[in-house]
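What follows is a single structure, written as structure tokens, with notes after it.
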Amino acid sequence: MASIRPRLAVPGDTPPQSAVQPALLAGHGFFKEYIIMTYVQFSSFQIGKMLNVSRQAVNQWIDKGYIKSYRTPGGHRRVKRDDLINFLKTRNIPIPESLEVGAVGEPSPSAPLHIMLLDADQDFLASLEQAIRGELPSTQISRFQDGYDALVAVGAHSPDLLVLDLDLPNIDGLEVCRRLKDNPLTSALPIIVLSRDPGSLGNRLSGFKVDQVMDKSTPLPELATGIARLTRDDAVG
């Protein structure tokens, strides 16, 4: 294997593929720690899930200067591991085990995004999943037609995002939202509500703090783009 010459990292940079080969990292503890400290970075979406707070709350912390961050050329917020840890320490917030160097041998930002889809229409679910995969190819997608099944799955698998229609059998989407937001363990889960008539919702969603309401009649590629934008922190709230 050719020798690797350490180099300075720049914002948004990614380590050379050879720099993170498991064999190399296993034999060079200091270099492994250097790679983790230098290159592991998180989106506000990921930080929100890690700390069980909303993405909007993380963005507010960033905008107020509480968390040091930068933006990628595409305009997405990114926070380096050390800067996140400094923020947590200054506010006496417990540091998640996933941020420890030893626990980041395979950094969590590389874990596949998990999106859960909930809709009574099986054909729509299949079409929406295909459209999302066009935007986010490596995403793990779970599909559900029943609200009770989705609630159980959220508790068992902790998805990164829930996209649901309010018109569901057995239990409606509003009740699904209420139960998730009332539970401290799932209250920070980002939720996108789909509706063919968003204007008719009125105040029905007030208090649920859903991240976005999207018109279900929008062409599927545009829906998928909007969903992907939320996971990339383009949506500022």
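Binning at 10 angstrom from zero up to the longest distance, how are the C-alpha pair distances of segment 39-89 distributed in percent?
27, 64, 8
Compute from the Cα atoms of segment 147-197 the Rg and the Dmax, the latter being the longest Cα-Cα distance, and quote both in angstrom.
Using the Cα atoms of segment 147-197, the pair Rg, Dmax is 10.3, 32 Å.
At a 10 Å Cβ-Cβ cut-off, how would you order GLU97, GLU222, GLU175, fewest neighbours first?
Neighbour counts put them in this order, fewest first: GLU97, GLU222, GLU175.
At a 10 Å Cβ-Cβ cut-off, how would you order LYS80, LYS64, fewest neighbours first? Mind dumping the intermediate values first?
On the way: LYS80 20, LYS64 8.
Least crowded to most crowded, the residues run LYS64, LYS80.
Report the label-to-label distance for LYS64 and SER138 in nanometres (one decimal), using points 7 Å from each Cα along the Cα→Cβ vector.
3.3
Got a sec? How would LYS216, LYS209 order by Cβ neighbour count within 10 Å, fewest to most?
On the way: LYS216 20, LYS209 15.
Fewest-to-most ranking of LYS216, LYS209: LYS209, LYS216.
Using a Förster radius of 22 Å, what is the FRET efficiency between ASP121 and ASP182 based on their Cβ-Cβ separation? Nearest 0.05, please.
0.25
Can you pull the Rg over Rh of segment 118-237, Cα-only, Kirkwood?
My calculation puts Rg/Rh at 0.92.
Tell me which residues come under 5 Å, amide H to amide H, from VAL53 once H is placed; ignore anything under 5 positions away on its chain.
none
Subtract the Cα-Cα distance of ALA57 and ARG91 from 0.36 nm times their separation in residues, and report this length gain in nm to one decimal.
Numbers: separation 34, 0.36 × 34 = 12.24 nm, distance 1.48 nm.
Going from the current span to full extension adds 10.8 nm.
Charges only on Cβ, +1 for Lys and Arg, -1 for Asp and Glu: so what's the dipole of segment 57-192 about the Cα centre, in debye to the nearest 20?
Computed about the Cα centre, the dipole is about 1020 debye.
Coordinate-derived values only; no laboratory data. No experiment lies behind these values; they were computed from the predicted model shown. Because the Cβ atoms are built from the backbone with ideal geometry, glycine has one as well, and the counts that use them run over all protein chains shown.
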